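Undergrad: Quick one: this structure, given as structure tokens, is what I'll be asking you about.
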Amino acid sequence: MIIAARTVFDHWLDCWRVYVLASSDGKSASWRMAPPVARDGAFFAIASRIREELEETCRLMNEQAALQIDALASDEQRVSLRLKAEKALQAASRLADEESLMLAQAKARKARTVFNEADLALSAKAEEYRDLIVEKLRDHPYVNLISVRRENHRRIFAKLKNGSWSDPMWADRKLLVACYRATIANGFDLNSMSHWGKTKAEIRQILLPRAAQLLQLEGVKQLLADALARGQRAVVMGSFVFWYESFNNVGWLVKERAADGTGGDTDAVWREGKIVSKNHGRIVVLPYTKDNGENVNGHTKNSAHDGKAKPRHPDDVVEIPFEELKGDLMISLFGELQYE
């Protein structure tokens with residue numbers, strides 16, 4: 001039974017495809033490529049170069065999936081499948097928003113990197129791909145790993161320590177994903193072949209001071225003032241949380257949002273819940289709903305290497321509501337910060 005649908009970029013075919021979350025009795029729900037559709041006596045994969053076209057397809061598929069779930073006789077099964085679909089779509093959306101922000105920031109950090117074709121040093125075997133390599137480096141002049149397509153075959157090129165580029169290498173899916181990740185990681189002077197979760201954790205740490213700078217923007221000041229007037233003392237922006245701290249009249253500051261573990265991407269955000277803060281931890285776990293439907297309030301904490309978070313005085317323990325902003329607004333706000 002299909003319970004959710006989303007778009008996924010296929011790095012091998014250079015196009016967007018629809019993936020569906022399928023659930024069957026006794027098995028964990030898993031994402032898989034959407035089955036082909038029949039048209040004019042033939043079967044075609046659901047794919048497009050234009051993501052927006054497939055987003056509309058996914059919207060309709062998710063509406064149909066919700067109707068099928070609602071029609072089930074078992075209350076327990078309905079609740080379970082709704083949660084699975086909600087968690088999976090939330091995690092996918094958050095991942096896409098986070099990587100879009102990271103890519104935008106990678107480009108901004110390397111905005112002064114200029115590609116000069118005259119300086120492009122290629123091996124004799126790579127020369128036949130010069131035009132394709134030039135096209136890629138004009139878009140992302142800071143990357144150290146690129147892929148090019150000629151007819152039906154792909155080739156990978158890596159930048160060497162002396163500044164020249166390698167001989168063409170055969171492409172596989174792992175390398176193609178690494179080429180995409182290079183557009184993000186290399187913008188922060190990180191390796192796209194390293195563990196992606198750890199790499200993104202490093203990027204979040206690099207971006208944290210930038211997020212704090214948002215507090216200087218007049219538009220953000222007004223946005224947070226409006227949120228505070230509505231009783232919201234936590235405003236979530238992707239991987240960061242603007243947090244109003246009344247203790248010692250601190251005012252607004254920036255904390256990190258928990259990325260993994262309890263209350264992270266494995267759970268559905270409980271948007272009606274509150275954050276119960278008993279300490280001054282720098283990481284915020286949002287309210288979440290467990291697999292069994294149990295709602296759990298959020299909390300604050302430190303990461304494992306930070307040491308124990310400073311506890312609040314019992315009279316200072318706070319229970320606060322929160323709101324979450326869309327990823328495109330987050331990217332726009334970050335874009336207002338100019339790199340020196």
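Undergrad: When N is the residue count of segment 117-188, what does its C-alpha Rg come to as a fraction of 2.2 N^0.38 Å?
TA: That works out to 1.01 for segment 117-188.
Undergrad: Rounded, prolate or oblate: which fits segment 153-274 when a ≥ b ≥ c are the square roots of the eigenvalues of the alpha-carbon gyration tensor, with rounded for a/c under 1.5 and prolate only if a/b beats b/c?
TA: prolate
Undergrad: Among K107/K221; K27/K278; K87/K326; K107/K174; K87/K200, which pairs are too far apart, with a Cα-Cα distance over 28 Å?
TA: As for pairs spanning more than 28 Å Cα to Cα, those are K27/K278.
Undergrad: Something else: How are the C-alpha pair distances of segment 271-340 spread across 10 Å bins, as whole percents from the shortest bin up?
TA: Going from the shortest bin to the longest, the percentages are 18, 32, 33, 16, 1.
Undergrad: Would you please name the trypsin sites (Lys or Arg not before Pro) within segment 40-97 that are DSSP coil residues with at most 16 other C-beta atoms within 10 Å of their C-beta?
TA: R49
Undergrad: OK, next. Kindly write out, for segment 233-249 in residue order, the coupling ³J(HN,Hα) from the Karplus curve 6.51 cos²θ - 1.76 cosθ + 1.60 (θ = phi - 60°), rounded to whole Hz, with x marking Gly and Pro.
TA: 10, 9, 10, 8, 10, x, 8, 10, 10, 7, 10, 8, 10, 7, 4, 6, 6
Undergrad: Go ahead and estimate [θ] at 222 nm for the chain from helices alone: -39,500 (n - 2.57) per DSSP H run with n ≥ 4, summed, over the residue count, rounded to 500.
TA: Working: 7 runs with 117 residues, N = 340.
My calculation for the chain gives -11500 deg cm²/dmol from helical runs alone.
Undergrad: List the residues, sorted by chain then number, that are 5 or more residues from G238 or on another chain and whose placed amide H is less than 5 Å from its amide H.
TA: Long-range HN contacts for G238: L325.
Undergrad: Run through segment 102-202 and list the GluC sites (Glu not before Pro) located in a DSSP loop whose Cβ has at most 16 other Cβ atoms within 10 Å.
TA: E151
Undergrad: Which residue fluctuates the most in the chain, going by a Gaussian network model with Cα springs under 10 Å, if the choices are R112, R39, R271?
TA: R39
Undergrad: Quick one, can you get me the convex hull of the C-alpha atoms of segment 208-323 expressed as volume per residue in Å³?
TA: Each residue corresponds to 112 Å³ of Cα convex hull volume.
Undergrad: By its C-alpha gyration tensor, with a ≥ b ≥ c as the square roots of the eigenvalues, how is the chain shaped: rounded for a/c under 1.5, else prolate for a/b larger than b/c, else oblate?
TA: Judged from the Cα gyration tensor, the chain comes out oblate (a/c at least 1.5, b/c at or above a/b).
Undergrad: Then there is this: Taking a quarter of the surface of the convex hull around the Cα atoms of segment 53-139, what do you get in nm²?
TA: Averaging across all directions leaves 9.5 nm² for the Cα convex hull.
Undergrad: Rounded to whole Hz and in sequence order, give me ³J(HN,Hα) for segment 275-289 from the Karplus expression 6.51 cos²θ - 1.76 cosθ + 1.60, θ = phi - 60°, writing x for Gly and Pro.
TA: Once rounded to whole Hz, the list reads 9, 9, 9, 9, 8, 9, x, 8, 10, 10, 9, 6, x, 9, 10.
Undergrad: A further question on this structure: Got a sec to turn the phi values of segment 291-308 into Karplus ³J(HN,Hα) couplings, 6.51 cos²θ - 1.76 cosθ + 1.60 with θ = phi - 60°, whole Hz, x for Gly and Pro?
TA: For segment 291-308, the Karplus curve yields 4, 7, x, 6, 8, 10, 5, x, 7, 10, 7, 9, 6, 4, 8, 7, x, 5 Hz.
Undergrad: Is segment 77-215 best put as rounded, prolate or oblate by its Cα gyration tensor, with a ≥ b ≥ c the root eigenvalues, rounded for a/c under 1.5, and otherwise prolate when a/b is larger than b/c, oblate when not?
TA: It comes out oblate by the Cα gyration axes.
Undergrad: Find, among the chymotrypsin sites (Phe, Trp or Tyr not before Pro) in segment 1-44, those assigned to loop by DSSP (not H, G, I, E, B) with at most 15 other beta-carbon atoms within 10 angstrom. Can you show the working numbers first?
TA: Numbers: sites: F9, W12, W16, Y19, W31, F43, F44; in loops: W12.
Answer by residue number: W12.
None of the figures in this text is laboratory data; all of them are computed from the coordinates on show. This is a predicted model, so every value here is computed, not measured. Every residue, glycine among them, receives a Cβ derived from its backbone with ideal geometry; neighbour counts consider all protein chains shown.
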